[in-house]
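The values are calculated or read from the model by the stated rules, or taken from the named source; none is laboratory data. Everything quoted here is computed from the prediction, not taken from an experiment. All Cβ positions, glycine included, derive from the backbone under ideal geometry; neighbour counts span all protein chains shown. Accessible surface is based on the protein model in full, side chains and every heavy atom, while ligands, DNA and RNA are left aside. Shrake-Rupley method; radii C 1.70, N 1.55, O 1.52, S 1.80 Å.
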Amino acid sequence: LRLKGEDVIMIGGSDEHGVPITLKAKREGITPQDVVDKYHNIIKDSFERFGISFDIYSRTTSETHYETASDFFKTLYVNGKFIEKESEQYYDEVAGQFLADRYITGTCPHCHSEGAYGDQCEKCGTSLNATDLVNPKSVISGSQPVMRNTKHWYLPLDQHEESLRKWILEDHKEWKSNVYGQCKSWLDMGLQPRAVSRDLDWGVPVPVKGADGKVLYVWFDAPIGYISATKELTPDWEKYWKSDDCRMIHFIGKDNIVFHCIVFPAMLSAEGSYILPDNVPANEFLNLEGDKISTSRNWAVWLHEYLEDFKGKEDVLRYVLTATAPETKDNDFTWRDFQARNNNELVAVFGNFVNRVTVLTQKYYNGAVPALGELTDFDRETMLDIPQIVERTEELLNTFHFRDALREAMNLARLGNKYLADTEPWKLIKSDAERVKTIMHISIQITANLAILMEPFLPFTARKLQNMINLGKQDWNICGSMEILAEGHIINEPTLLFDKIEDTEIEAQLSKLAKTKTDNAASTAVANPAKENVSFDDFGKIDIRVGKIIEAEKVPKTKKLLKLKVDTGIDQRTVVSGIAEYFEPEAIIGRQVSILVNLAPREIKGIVSQGMILMAEDANGALHFISPADNIKPGSEVR
RNA sequence: CGCGGGGUAGAGCAGUUUGGUAGCUCGUCGGGCUCAUAACCCGGAGGUCGAGGGUUCAAGUCCCUCCCCCGCAACCA
């Protein structure tokens with residue numbers, strides 16, 4: 001759109017108020033600000049170097065943002081758009097923070113079993129309030145939490161339900177099915193008020209009297225970051241946010257749909273003066289070599305590392321990512337595919353065509369564009385196809401079908417290759433030199449069209465090609481024309497647009513990832529701190545025995561649960577254990593295990609579980625049995 | 001247990017609304033051509049369209065049941 005000369009701004013930024021950031025900072029002994037500074041700069045820099053043309057890439061720790069977010073909150077506050085709720089909440093004095101329900105365990109008031117969570121007792125299935133628990137304990141520090149009064153503000157999403165329903169379900173039927181479906185599901189479930197503040201010390205302070213120690217909840221402040229960033233960009237920001245003829249598009253991943261389609265629009269319409277997003281073409285997820293991408297596990301292709309390993313190949317990654325974008329379902333990025341797409345598509349189709357044309361032009365005409373002579377029917381057909389390809393590409397871009405758009409654009413290079421192959425100028429040059437001039441003239445125009453058409457996808461390559469053919473700055477709208485380069489126009493010496501990527505380079509990347517895997521497995525991720533001391537008497541209450549698994553089967557309709565029959569020496573009992581993701585039932589029959597035999601029985605999925613198999617969890621979350629090193633008799637005590 | 005999206009050739013995808021020869025971009029095998037970093041042309045192999053059942057003259061497409069992957073939901077943003 002921007003190339004078409006429309007008024008477009010692209011806004012982005014780092015959301016820097018997430019809770020994990022504070023945890024990471026604590027772990028590394030630095031401030032949260034240090035953490036976000038580091039990452040913000042890496043990310044920002046990477047975007048720039050890949051030619052992603054954000055007009056501004058901002059951050060939610062900027063001053064403007066603090067102001068904007070505060071003002072936004074205040075506006076809603078004074079207009080009575082919030083519900084204020086005061087509640088008693090458990091507070092962990094050791095950890096110095098309020099506790100979410102599931103960070104509290106205790107004894108269930110109904111069935112008196114231990115280990116009920118603040119929101120639900122898994123034994124009797126009753127849903128609870130944290131305050132109902134007898135003997136509550138903080139999961140974080142193990143200490144006894146105390147009640148403290150805390151006040152929070154809630155955005156009553158339910159009050160916006162009707163307008164959202166109409167806005168999305170009726171006015172935006174064109175949204176992608178994944179987005180539309182997700183929204184419908186939420187709306188049909190009924191919306192609940194959502195707290196917009198939190199008791200934390202990292203974030204935008206709640207700008208109301210008596211709100212010390214409270215910050216805006218991340219999801220509330222983060223989308224406002226879009227507004228802040230626009231403000232930082234231009235004093236004229238309101239025309240983008242407050243005029244009806246401006247279309248706002250959110251480009252996000254599927255995990256963020258609800259925030260951008262429900263919550264943020266609700267905020268905006270509560271405020272009243274802002275426009276709502278026009279479309280939210282959310283993508284699914286991209287995996288890497290079969291596994292979920294994870295920056296914390298270093299399972300990723302870091303852009304700054306990519307740039308070192310593949311200098312000058314920004315466009316190759318852009319191409320591959322666009323061509324395999326997870327627009328309709330999760331997708332997998334593999335280095336083999338990356339290599340294949342580079343070598344077979346960029347090099348062989350696009351690069352090769354340009355090379356053929358420029359080399360022949362140099363050879364026959366010393367780089368001058370020859371005259372267009374008489375046209376054959378085939379010439380005319382070809383020339384008619386070109387504007388059609390351009391038009392289709394444009395249409396696909398406008399409807400966010402980037403993958404298809406790129407394929408369509410590549411069809412122009414395919415068309416060019418076919419045109420050359422069919423007309424065979426290298427043969428005709430010996431017999432009909434006049435005809436060859438026309439052929440080459442047309443081929444050069446196709447090349448010039450490519451130089452413009454590819455710009456949105458491959459900006460670096462497009463510029464390189466524009467230089468090669470001495471094309472000055474061109475309007476996108478000229479694309480499709482057959483008169484971009486006039487007769488006699490001189491083009492430069494041909495150079496290659498793309499290089500082949502060799503197997504060795506791909507293998508290097510693969511072994512890098514393999515190394516990450518082994519590193520992760522080996523890393524003794526910082527061990528959790530020891531829990532509070534227990535008395536010897538308490539310890540003595542625990543009865544752990546060596547047992548032997550005699551039967552094992554999967555519990556139907558669950559992912560994790562196995563139903564085991566264990567010989568404890570004392571008896572044979574049924575134990576339900578959450579290990580099915582790591583062990584096949586058949587494989588563990590006969591296995592010696594450690595079992596806690598005097599744990600209060602508990603009903604799980606309708607099966608009474610009598611005891612607990614002891615497992616060790618490694619850094620990857622995989623489970624390992626705690627078994628005696630030698631084969632000993634079931635019932636032997638573990639002390 | 002609930003909700004949303006997905007499951008189509010070795011890879012990536014379209015086709016499902018409105019049933020009618022299973023297609024596209026690559027890869028692969030054989031042949032042709034050769035200006036070029038081997039494009040283009042011709043021909044071939046490769047699919048139980050996640051599984052099972054049903055409706056129909058006819059099902060990838062409609063109906064039912066189930067399985068698998070990914071998300072959402074239990075105040076995780």
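Points to keep in mind about this one:
- Single residue of the range A:198-231 satisfying the filter (modelled with pLDDT under 90 and charged (D, E, K, R)) that is farthest from RNA strand B (Cβ to nearest atom): A:209
- Count of residues meeting criterion [touching a Phe, Trp or Tyr at 6+ places or on another chain (Cβ under 6 Å) and of a type outside the set (Ser, Thr, Tyr)] in the range A:19-46: 2
- Among the residues of this structure, residue A:511 does not count as one that is in contact with a helix residue (DSSP H, G or I) (Cβ under 7 Å, 6 or more places away or on another chain) and of a type in the set (S, T, N, Q).
- At least 2 residues being without any contact (Cβ under 8 Å) to a residue 40 or more places away in the chain and surrounded by fewer than 19 Cβ atoms within 10 Å (Cβ to Cβ) is the threshold, and among the helices (runs of 4 or more DSSP H) wholly inside the range A:191-304 those reaching it are A:238-241.
- Hits in the range A:314-343 (condition: farther than 16 Å from residue A:506 by Cα and of a type in the set (Val, Ile, Thr)): A:322, A:324, A:328
- Subset tally (residues that are among the charged types (D, E, K, R) and modelled with pLDDT of 90 or more) for the range A:464-490: 1
Conditions tested, residue by residue: (1) of a type in the set (Asp, Glu); (2) closer than 22 Å to residue A:302 by Cα.
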| residue | (1), (2) |
| --- | --- |
| A:26 | no, no |
| A:29 | no, no |
| A:34 | yes, yes |
| A:41 | no, yes |
| A:64 | no, no |
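- Filter result for residue A:180 (among the hydroxyl-bearing types (Ser, Thr, Tyr), open to solvent by 40 Å² or more (accessible area, probe 1.4 Å), modelled with pLDDT of 80 or more and closer than 20 Å to residue A:71 by Cβ): no
Let's see how each residue does on (1) more than 17 Å from residue A:437 (Cα to Cα); (2) more than 7 Å from RNA strand B (Cβ to nearest atom); (3) in contact with a strand residue (DSSP E or B) (Cβ under 8 Å, 6 or more places away or on another chain):
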residue: A:323; (1), (2), (3): yes, no, no
residue: A:342; (1), (2), (3): yes, yes, no
residue: A:349; (1), (2), (3): yes, no, no
residue: A:376; (1), (2), (3): no, yes, no
residue: A:390; (1), (2), (3): yes, yes, no
residue: A:393; (1), (2), (3): yes, yes, no
